[in-house]
1. Let me know the charge dipole size of segment 143-252 about its Cα centre in debye, to the nearest 20, where only the beta-carbon of Lys, Arg (+1) and Asp, Glu (-1) is charged.
2. Greater than 19 Å separation of Cα atoms is the criterion. Which listed pairs, 123/172; 55/159; 132/172; 28/72, meet it?
3. Helix 155-166 versus the longest principal axis of the chain: what angle, 0 to 90°, nearest 10, using Cα atoms?
4. Cut-off 10 angstrom, C-alpha nodes, Gaussian network model of the chain. Which of 147, 170, 64 fluctuates the most?
5. How big is the shadow of the Cα convex hull of the chain, averaged over all directions, in nm²?
6. Output the 0 to 90 degree angle, nearest 10, between the alpha-carbon long axis of helix 119-139 and the longest principal axis computed from the alpha carbons of the chain.
7. Residue by residue through segment 35-42, which ³J(HN,Hα) values in whole Hz follow from phi under the Karplus form 6.51 cos²θ - 1.76 cosθ + 1.60 (θ = phi - 60°), with glycine and proline marked x?
8. Could you work out the relative contact order of the chain, using alpha carbon pairs under 8 angstrom and six or more residues apart, expressed as a whole percent?
Amino acid sequence: MAGVLEVRDLSKSFDGIVVASHIDLTLKSGSIVGLIGPNGAGKTSLFNLISGVVKFDSGTVLLDGSPLDRLKFHQRVRGGLSRTWQHTRLFPSLPVIDNLLIATHDYPGERLVNVLFGRRRLKAHDSVARDKAVGILGKMGLANVADDLVSDLPYGQQKLVGVARALMGDAKCLLLDEPMAGVEGQAYAAMQRVVREVAESGVAVCVVEHNIAFIRDLCDEGVFMFSGAIMARGSVAELIRDPQLTELYFGH
């Protein structure tokens with residue numbers, strides 16, 4: 001069965017330092033795959049290659065069967081590939097809801113003719129986008145802070161806002177890069193619930209995360225990376241029971 005996202009024989013090196021070595025990875029609709037491994041294993045580098053932040057040396061990436069190789073980052077996002085970042089990359093001086101509205105695709109106000117002669121269309125688009133943003137924030141338990149400045153939120157809630165913004169683009173595939181870093185308490189439970197709901201809606205989800213308990217409880221499959229290569233696949237529980245992988249991850 002073909003996946004929503006297919007990575008085939010992907011390789012990349014920087015001045016002889018290999019960050020991706022012949023990687024094959026398939027993400028299917030409704031699945032949650034966890035990438036685990038020590039720092040420097042190449043997990044975030046893989047996300048950068050898939051999303052077009054960094055160009056790969058060889059291989060290919062397919063989204064719904066169409067190659068992404070020549071597409072820039074924003075073109076991949078418009079095609080249905082969305083991601084978050086280790087650092088939130090939000091606009092701290094803007095309200096939460098405005099951070100989501102910025103992620104709206106094909107905003108008609110970007111065209112001068114619509115600004116001059118399409119006010120009704122702009123208002124209709126803004127209304128739909130705002131309703132969608134309010135709905136996403138509600139699902140994430142953030143409705144009460146929609147009008148607060150991002151800078152006024154605790155870090156855990158800021159991470160949730162980052163995920164909420166990624167969901168504004170109707171993604172087919174969602175890449176989450178360390179979503180649980182700095183997240184605890186109610187935000188922790190909300191993150192788990194939201195990621196599950198996203199997958200249940202048919203989105204293919206891939207998570208890079210060092211919180212093993214979070215990823216073990218959440219993911220259908222685990223992929224262990226080391227030195228830019230995939231070492232093993234299986235359930236997260238199976239991977240962390242493997243003595244060789246445990247030593248690579250945690251050391252002696």
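1. My answer is approximately 160 debye.
2. 123/172; 55/159; 28/72
3. In the chain, helix 155-166 runs at an angle near 80 degrees to the longest axis.
4. 147
5. That works out to 15.0 nm², a quarter of the Cα hull's surface.
6. 40
7. My calculation for segment 35-42 gives 9, 10, x, x, 4, x, 6, x Hz in order.
8. Once normalised by length, the contact order is 29 percent.
We did not get these values from a lab; they are worked out from the coordinates using the rules stated. No experiment lies behind these values; they were computed from the predicted model shown. No Cβ is skipped: glycine too gets one built from the backbone with ideal geometry, and neighbour counts run over all protein chains shown.
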